[in-house]
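Novice: Here it is, the structure in full.
The values are calculated or read from the model by the stated rules, or taken from the named source; none is laboratory data. Bear in mind that the values here come from a model prediction, so they are computed numbers and not experimental data. Methodologically, a virtual Cβ is constructed for each residue, glycine included, from the backbone with ideal geometry; neighbour enumeration extends over all protein chains shown. Surface areas here come from the heavy atoms of the whole protein model, side chains and all, with no ligands, DNA or RNA. Shrake-Rupley method; radii C 1.70, N 1.55, O 1.52, S 1.80 Å.
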Amino acid sequence: MRAPLAKVFQEEETEEINMTPMLDVVFIMLIFFIVTASFVKEAGIDVNRPEAATAVKKQRANILVAISDKGEVWINKRQIDIRAVQANIERLKAENPQGSVVIQADKKATTEILIKVMDASRAAGAFDVSIAAQES
C-alpha cells in the first residue's frame, strides 16, 4: 500500500543535514595545523645586530638570548640578571636537549656581557653557541 501524501511531506520536512562529521574534520585539521606549525621565537627585545658578510642562517635556534645596548640580558621575553643566565639555559636545555643557543647582541653591547653569556651557556651544557649577525 502507498503511504498517504501528507505522511510523505511530513518525512521530507523532518530530514536535516548532519553537520557533525564536517565539524569533526575541521577540528582535526585545526589541531593538525597547530601541532605542525613552527612558531617564531623571540628573545624579548629588538636588537641592532652587526652586519657580517659570511653570516649563515641557522635552521634551528631554540634558545634565544638577547643583549641590549644597555647591557640588559633577555631570555623568553623576560629581562634576567647576568648571574641567572646559566640557570635559565640549563632549564631550557632540560626541556629541549637538542636545542642550540643563539645570542643576539646589539651593535653597542659590550664584549664583556657577550663573553659572560657565552661562558654561562657553555657552563649550562650548551656547546652549540652562535652569535646572530645581520646579513649584509
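Novice: Taking the conditions exactly as written (surrounded by 12 or more Cβ atoms within 10 Å (Cβ to Cβ), at pLDDT 85 or above and in a helix (DSSP H, G or I)), does GLU112 satisfy them or not? Outline the logic, then answer.
Specialist: Values: surrounded by 12 or more Cβ atoms within 10 Å (Cβ to Cβ): no; at pLDDT 85 or above: yes; in a helix (DSSP H, G or I): yes.
Criteria not met by GLU112.
Novice: Only one of these is over 15 Å from ARG49 (Cα atoms), within 22 Å of the chain's Cα centre (by Cα) and among the β-branched types (Val, Ile, Thr): VAL65, VAL129. Name it.
Specialist: Working: VAL65 fails: over 15 Å from ARG49 (Cα atoms).
Being over 15 Å from ARG49 (Cα atoms), within 22 Å of the chain's Cα centre (by Cα) and among the β-branched types (Val, Ile, Thr) holds for just one of VAL65, VAL129, which is VAL129.
Novice: Just the residues that are surrounded by 13 or more Cβ atoms within 10 Å (Cβ to Cβ) and under 19 Å from ALA52 (Cβ atoms), please, taken from the stretch 77-109.
Specialist: Passing the criteria: SER100, VAL101, VAL102, ILE103, GLN104, ALA105, ASP106, LYS108, ALA109.
Novice: Give the residue that is modelled with the highest pLDDT, with candidates limited to residues of the stretch 30-43 that are more than 26 Å from ILE103 (Cα to Cα) and open to solvent by 100 Å² or more (accessible area, probe 1.4 Å).
Specialist: ILE31
Novice: Would you tally the residues in the stretch 116-136 being open to solvent by 80 Å² or more (accessible area, probe 1.4 Å), without any contact (Cβ under 8 Å) to a residue 60 or more places away in the chain and not in a loop (DSSP other than H, G, I, E, B)?
Specialist: 4
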